[in-house]
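**Student:** A single structure is presented below for examination.
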Amino acid sequence: MEYNKKETLDFRSIVLRHIERILELSSSELRNKTTKVFKPNQQLYEFNEDTRISYVQSVENLAYVLYPYFDEETLTIYNDSIKVIISLEYEIIKMFEKEIEEIKKETGENKIGSNLITLLKLKSAKKLFLQLNILLNKNGYLKSTIYGESVEDEAIEDDD
């Protein structure tokens, strides 16, 4: 991101830019964009961004930024989601042992690959991102930035 000298960088704009990046990532298919290129007698890999992992990391970092503002409900969902997001593959296999066994039965596969682990992390990140947006809405935090509203725009009634 590039910033002008005139542009102020406040907390609200940091959060908004981060949300914008997450939405940008999710506006196309979240997938591994690494490709294999085959040439005679060799196999080359062309490495590109795995947008699923980028999305998970972006949501994780947004949660870290907003953590001081969490309410009870957000903290509960954060705690459940972050366990999955930051866990290593073997830890996730332990956490989702029953679900993984069910998937193995349904698919006939004996081994679970890292693709499933990434999808479990992605699912947790999406749940957390939804809750972060609910938190921001509850607090009216981004109201004026997103909707162009301000405190002056709101109608105030007086009983007299």
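**Student:** Find the residue count for segment 71-119, including only residues that are over 27 Å from residue 29 (Cβ atoms) and among the charged types (D, E, K, R).
**Tutor:** Qualifying residue count, segment 71-119: 9.
**Student:** Is it the case, given these coordinates, that residue 83 is charged (D, E, K, R) and touching a residue at least 12 places away in the same chain (Cβ under 8 Å)?
**Tutor:** Judged against the criteria, residue 83 is a match.
**Student:** Yes or no: residue 97 over 25 Å from residue 10 (Cβ atoms), modelled with pLDDT under 95 and out of contact with any Phe, Trp or Tyr (no Cβ under 6 Å at 6 or more places or on another chain)? Can you show your working first?
**Tutor:** Details: over 25 Å from residue 10 (Cβ atoms): yes; modelled with pLDDT under 95: yes; out of contact with any Phe, Trp or Tyr (no Cβ under 6 Å at 6 or more places or on another chain): yes.
Yes: the conditions hold for residue 97.
**Student:** Sticking with this structure for a sec: Restricting the search to segment 50-85, which residues are surrounded by fewer than 18 Cβ atoms within 10 Å (Cβ to Cβ) and of a type in the set (Asp, Glu)?
**Tutor:** 50, 71, 72, 73, 80
**Student:** Only one of 122, 116 is at pLDDT 90 or above, within 23 Å of the chain's Cα centre (by Cα) and either among the polar types (S, T, N, Q) or in a helix (DSSP H, G or I) (or both). Can you tell me which?
**Tutor:** That would be 122, the only listed residue that is at pLDDT 90 or above, within 23 Å of the chain's Cα centre (by Cα) and either among the polar types (S, T, N, Q) or in a helix (DSSP H, G or I) (or both).
**Student:** So which residues in segment 86-138 are surrounded by fewer than 18 Cβ atoms within 10 Å (Cβ to Cβ), hydrophobic (A, V, I, L, M, F, W, C) and touching a residue at least 40 places away in the same chain (Cβ under 8 Å)?
**Tutor:** Hits for segment 86-138 are 119, 134.
The values are calculated or read from the model by the stated rules, or taken from the named source; none is laboratory data. Nothing here was measured: the structure is a model prediction, and the numbers come from that model. All Cβ positions, glycine included, derive from the backbone under ideal geometry; neighbour counts span all protein chains shown.
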